[in-house]
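So the structure is just underneath, and the comments pick up after that.
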Amino acid sequence: GAVVSQHPSRVICKSGTSVKIECRSLDFQATTMFWYRQFPKKSLMLMATSNEGSKATYEQGVEKDKFLINHASLTLSTLTVTSAHPEDSSFYICSAGALTRQETQYFGPGTRLLVL
Amino acid sequence: SQQGEEDPQALSIQEGENATMNCSYKTSINNLQWYRQNSGRGLVHLILIRSNEREKHSGRLRVTLDTSKKSSSLLITASRAADTASYFCATDERGAQKLVFGQGTRLTINP
(Lines give C-alpha, C1' and ligand atoms only; values in the text may rest on other atoms or scores of the structure.)
Protein backbone atom coordinates (compact mmCIF):
# COMPACT_ATOMS: atom_id res chain seq x y z
CA GLY A 1 0.00 0.00 0.00
CA ALA A 2 0.85 3.66 -0.21
CA VAL A 3 3.33 4.89 2.37
CA VAL A 4 3.55 8.31 3.95
CA SER A 5 6.42 9.22 6.20
CA GLN A 6 6.87 12.04 8.67
CA HIS A 7 10.04 13.45 10.07
CA PRO A 8 10.86 13.87 12.83
CA SER A 9 8.73 11.42 14.77
CA ARG A 10 9.36 13.28 17.98
CA VAL A 11 10.77 16.70 18.75
CA ILE A 12 11.38 18.68 21.91
CA CYS A 13 12.16 22.35 21.58
CA LYS A 14 12.43 25.49 23.64
CA SER A 15 9.70 28.08 23.66
CA GLY A 16 10.21 30.67 20.94
CA THR A 17 11.96 28.42 18.46
CA SER A 18 10.55 27.22 15.16
CA VAL A 19 10.06 23.59 14.28
CA LYS A 20 9.71 22.10 10.82
CA ILE A 21 7.87 18.84 10.22
CA GLU A 22 8.16 17.04 6.90
CA CYS A 23 5.53 14.84 5.31
CA ARG A 24 6.53 12.69 2.35
CA SER A 25 4.61 10.35 0.11
CA LEU A 26 7.15 7.65 -0.60
CA ASP A 27 5.68 5.67 -3.46
CA PHE A 28 3.01 7.86 -4.98
CA GLN A 29 2.38 11.42 -6.02
CA ALA A 30 0.09 13.55 -3.92
CA THR A 31 -1.38 16.77 -5.25
CA THR A 32 -3.06 17.35 -1.92
CA MET A 33 -1.77 16.83 1.59
CA PHE A 34 -3.57 17.51 4.83
CA TRP A 35 -2.27 18.52 8.21
CA TYR A 36 -4.06 17.51 11.39
CA ARG A 37 -3.52 18.19 15.03
CA GLN A 38 -4.50 15.78 17.76
CA PHE A 39 -4.62 16.41 21.50
CA PRO A 40 -4.33 13.48 23.93
CA LYS A 41 -7.33 11.18 23.80
CA LYS A 42 -9.04 13.49 21.32
CA SER A 43 -9.90 13.30 17.68
CA LEU A 44 -8.02 14.73 14.74
CA MET A 45 -8.64 18.36 13.92
CA LEU A 46 -7.92 19.42 10.36
CA MET A 47 -5.58 22.41 10.35
CA ALA A 48 -5.03 23.00 6.66
CA THR A 49 -5.14 21.57 3.19
CA SER A 50 -1.91 21.81 1.26
CA ASN A 51 -1.96 21.86 -2.53
CA GLU A 52 1.16 21.40 -4.59
CA GLY A 53 2.33 24.66 -6.09
CA SER A 54 -0.27 26.86 -4.43
CA LYS A 55 -1.09 28.38 -1.09
CA ALA A 56 -2.51 26.22 1.65
CA THR A 57 -6.11 26.53 2.72
CA TYR A 58 -6.42 26.94 6.46
CA GLU A 59 -9.35 25.92 8.60
CA GLN A 60 -11.14 28.50 10.66
CA GLY A 61 -9.24 29.41 13.77
CA VAL A 62 -5.86 28.21 12.53
CA GLU A 63 -3.27 30.98 12.28
CA LYS A 64 -1.54 30.78 8.92
CA ASP A 65 1.38 32.88 10.13
CA LYS A 66 1.85 30.54 13.05
CA PHE A 67 1.64 27.32 11.07
CA LEU A 68 3.45 27.78 7.79
CA ILE A 69 2.77 25.16 5.16
CA ASN A 70 4.76 24.59 2.02
CA HIS A 71 3.97 21.98 -0.61
CA ALA A 72 6.87 22.33 -2.99
CA SER A 73 6.58 19.04 -4.81
CA LEU A 74 4.17 16.20 -5.40
CA THR A 75 5.85 14.16 -2.68
CA LEU A 76 6.69 16.66 0.03
CA SER A 77 4.79 19.03 2.27
CA THR A 78 6.23 20.79 5.29
CA LEU A 79 4.60 22.32 8.34
CA THR A 80 6.60 24.87 10.28
CA VAL A 81 5.43 25.83 13.73
CA THR A 82 6.85 29.30 14.19
CA SER A 83 7.78 30.75 17.57
CA ALA A 84 6.48 27.67 19.29
CA HIS A 85 4.90 27.91 22.73
CA PRO A 86 3.93 25.20 25.21
CA GLU A 87 0.33 25.31 24.03
CA ASP A 88 1.54 24.20 20.59
CA SER A 89 2.60 20.89 22.09
CA SER A 90 0.56 18.26 20.34
CA PHE A 91 0.59 15.32 17.96
CA TYR A 92 0.71 16.48 14.34
CA ILE A 93 -0.35 14.07 11.61
CA CYS A 94 -0.25 14.52 7.88
CA SER A 95 -2.10 12.65 5.20
CA ALA A 96 -1.78 12.52 1.45
CA GLY A 97 -4.33 11.92 -1.25
CA ALA A 98 -3.08 9.95 -4.24
CA LEU A 99 -3.58 11.39 -7.71
CA THR A 100 -5.27 8.24 -8.89
CA ARG A 101 -7.37 7.51 -5.80
CA GLN A 102 -8.38 10.81 -4.38
CA GLU A 103 -11.07 9.44 -2.11
CA THR A 104 -8.46 7.61 -0.07
CA GLN A 105 -6.02 9.36 2.20
CA TYR A 106 -2.88 7.77 3.50
CA PHE A 107 -1.70 8.90 6.90
CA GLY A 108 1.76 9.46 8.20
CA PRO A 109 2.85 8.06 11.58
CA GLY A 110 2.63 11.45 13.25
CA THR A 111 5.05 13.82 14.94
CA ARG A 112 4.91 14.47 18.64
CA LEU A 113 5.93 18.01 19.48
CA LEU A 114 6.78 19.06 23.00
CA VAL A 115 7.54 22.71 23.61
CA LEU A 116 9.21 23.49 26.90
CA SER B 1 -15.22 21.43 12.49
CA GLN B 2 -15.91 17.97 13.77
CA GLN B 3 -19.19 16.70 12.47
CA GLY B 4 -18.93 13.11 13.51
CA GLU B 5 -20.22 11.87 16.80
CA GLU B 6 -19.20 8.45 17.89
CA ASP B 7 -20.87 6.21 20.36
CA PRO B 8 -19.74 4.89 22.71
CA GLN B 9 -16.73 7.01 23.60
CA ALA B 10 -15.18 4.01 25.31
CA LEU B 11 -15.92 0.30 25.10
CA SER B 12 -14.38 -2.53 27.06
CA ILE B 13 -15.20 -6.14 26.24
CA GLN B 14 -13.79 -9.62 26.64
CA GLU B 15 -11.72 -11.26 23.96
CA GLY B 16 -13.89 -13.21 21.58
CA GLU B 17 -16.89 -10.94 21.93
CA ASN B 18 -18.14 -8.67 19.19
CA ALA B 19 -17.59 -4.92 19.36
CA THR B 20 -19.97 -2.43 17.79
CA MET B 21 -19.21 1.24 17.36
CA ASN B 22 -21.52 3.84 15.92
CA CYS B 23 -20.95 7.10 14.11
CA SER B 24 -23.33 9.88 13.16
CA TYR B 25 -22.70 12.77 10.82
CA LYS B 26 -24.50 15.89 9.67
CA THR B 27 -23.87 16.72 6.03
CA SER B 28 -24.25 14.93 2.71
CA ILE B 29 -21.29 12.72 1.96
CA ASN B 30 -19.60 10.88 -0.88
CA ASN B 31 -18.25 8.21 1.39
CA LEU B 32 -17.51 7.32 5.00
CA GLN B 33 -14.32 5.72 6.20
CA TRP B 34 -13.23 4.00 9.36
CA TYR B 35 -9.73 4.28 10.74
CA ARG B 36 -7.88 2.69 13.59
CA GLN B 37 -5.24 4.34 15.73
CA ASN B 38 -3.01 2.63 18.21
CA SER B 39 -1.91 4.83 21.09
CA GLY B 40 0.52 7.50 19.94
CA ARG B 41 0.58 6.26 16.39
CA GLY B 42 -0.73 7.26 13.01
CA LEU B 43 -3.99 6.16 11.49
CA VAL B 44 -4.59 2.94 9.65
CA HIS B 45 -7.33 2.87 7.04
CA LEU B 46 -9.77 0.04 7.68
CA ILE B 47 -12.62 0.35 5.25
CA LEU B 48 -14.43 2.80 2.99
CA ILE B 49 -18.12 2.66 2.26
CA ARG B 50 -19.66 4.80 -0.44
CA SER B 51 -22.89 6.71 -0.04
CA ASN B 52 -24.70 4.32 -2.39
CA GLU B 53 -23.64 1.27 -0.41
CA ARG B 54 -25.41 -0.07 2.64
CA GLU B 55 -23.06 -2.70 3.94
CA LYS B 56 -19.49 -3.76 3.43
CA HIS B 57 -17.32 -6.52 4.82
CA SER B 58 -13.59 -6.89 5.22
CA GLY B 59 -12.36 -9.87 7.18
CA ARG B 60 -13.73 -9.54 10.71
CA LEU B 61 -15.03 -6.06 9.99
CA ARG B 62 -18.54 -5.21 8.97
CA VAL B 63 -19.60 -1.67 8.21
CA THR B 64 -23.10 -0.42 7.61
CA LEU B 65 -24.22 2.95 6.33
CA ASP B 66 -27.67 4.49 6.64
CA THR B 67 -27.69 7.75 4.73
CA SER B 68 -31.29 8.50 5.72
CA LYS B 69 -30.24 8.52 9.36
CA LYS B 70 -26.76 9.83 8.60
CA SER B 71 -25.19 7.07 10.62
CA SER B 72 -22.75 4.22 10.28
CA SER B 73 -21.68 1.32 12.42
CA LEU B 74 -18.50 -0.69 12.62
CA LEU B 75 -18.71 -4.24 13.90
CA ILE B 76 -15.61 -6.19 14.83
CA THR B 77 -16.39 -9.85 15.27
CA ALA B 78 -14.48 -12.32 17.43
CA SER B 79 -12.40 -9.56 18.97
CA ARG B 80 -8.75 -10.06 19.85
CA ALA B 81 -6.52 -8.30 22.34
CA ALA B 82 -4.66 -6.80 19.37
CA ASP B 83 -7.85 -4.98 18.35
CA THR B 84 -7.36 -2.66 21.33
CA ALA B 85 -7.12 0.82 19.80
CA SER B 86 -9.12 3.94 19.06
CA TYR B 87 -11.47 3.80 16.12
CA PHE B 88 -12.53 6.86 14.17
CA CYS B 89 -15.07 7.41 11.48
CA ALA B 90 -14.38 10.09 8.90
CA THR B 91 -16.60 11.63 6.30
CA ASP B 92 -15.85 13.72 3.26
CA GLU B 93 -18.30 16.51 2.65
CA ARG B 94 -19.64 16.39 -0.86
CA GLY B 95 -17.46 18.47 -3.13
CA ALA B 96 -14.56 18.54 -0.72
CA GLN B 97 -11.70 16.10 -0.46
CA LYS B 98 -10.94 16.88 3.17
CA LEU B 99 -12.03 14.47 5.87
CA VAL B 100 -13.93 15.32 9.00
CA PHE B 101 -13.32 12.95 11.86
CA GLY B 102 -15.59 11.73 14.59
CA GLN B 103 -14.61 11.90 18.22
CA GLY B 104 -13.55 8.26 18.25
CA THR B 105 -14.26 5.19 20.31
CA ARG B 106 -11.56 3.80 22.58
CA LEU B 107 -11.88 0.05 22.41
CA THR B 108 -10.25 -2.18 25.00
CA ILE B 109 -10.24 -5.94 24.53
CA ASN B 110 -9.57 -7.78 27.77
CA PRO B 111 -7.77 -11.12 27.44
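At-a-glance table
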{"read-out": "Looking only at region A:59-81, and only at residues there that are among the small types (G, A, S) and farther than 26 Å from B:C23 by Cα, the one that is nearest to the other protein chains (Cβ to nearest Cβ)", "value": "A:S77"}
{"read-out": "For B:L75: the one exception among (1) assigned to a loop (DSSP other than H, G, I, E, B); (2) away from every other protein chain (no Cβ under 14 Å)", "value": "(1)"}
{"read-out": "Exclusive hit being more than 11 Å from chain B (Cβ to nearest Cβ) and free of Cβ contacts under 8 Å to residues at least 40 places away in the same chain, set A:A56, A:A84", "value": "A:A56"}
{"read-out": "Any chance A:I21 is within 14 Å of another protein chain (Cβ to nearest Cβ), aliphatic (A, V, I, L, M) and closer than 23 Å to B:D92 by Cα", "value": "no"}
{"read-out": "Close pairs (6 angstrom Cβ cut-off, 6 or more residues apart or separate chains): facing another protein chain (nearest Cβ under 8 Å) and farther than 16 Å from A:Q6 by Cβ in region B:38-58, of a type in the set (S, T, N, Q) and surrounded by 15 or more Cβ atoms within 10 Å (Cβ to Cβ) anywhere", "value": "B:L48/B:N31; B:L48/B:Q33"}
{"read-out": "Sole residue being at pLDDT below 95, part of a strand (DSSP E or B), more than 29 Å from B:A10 (Cβ to Cβ) and within 14 Å of another protein chain (Cβ to nearest Cβ), chosen from A:M33, A:M45", "value": "A:M33"}
{"read-out": "Count of residues meeting criterion [closer than 28 Å to A:E59 by Cα and more than 10 Å from chain A (Cβ to nearest Cβ)] in region B:78-88", "value": "2"}
{"read-out": "Residues that are part of a strand (DSSP E or B), touching an Asp or Glu at 6+ places or on another chain (Cβ under 7 Å) and within 14 Å of another protein chain (Cβ to nearest Cβ), drawn from region B:93-111", "value": "B:L99, B:V100, B:G102, B:T105, B:L107"}
{"read-out": "Candidate set from region B:22-37 (those that are among the hydroxyl-bearing types (S, T, Y) and in a strand (DSSP E or B)); member that is farthest from the other protein chains (Cβ to nearest Cβ)", "value": "B:S24"}
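The values are calculated or read from the model by the stated rules, or taken from the named source; none is laboratory data. Please read all numbers here as calculations on a predicted model, not as lab measurements. Reconstructed Cβ throughout: ideal geometry from the backbone, glycine too, with neighbour counts over all protein chains shown.
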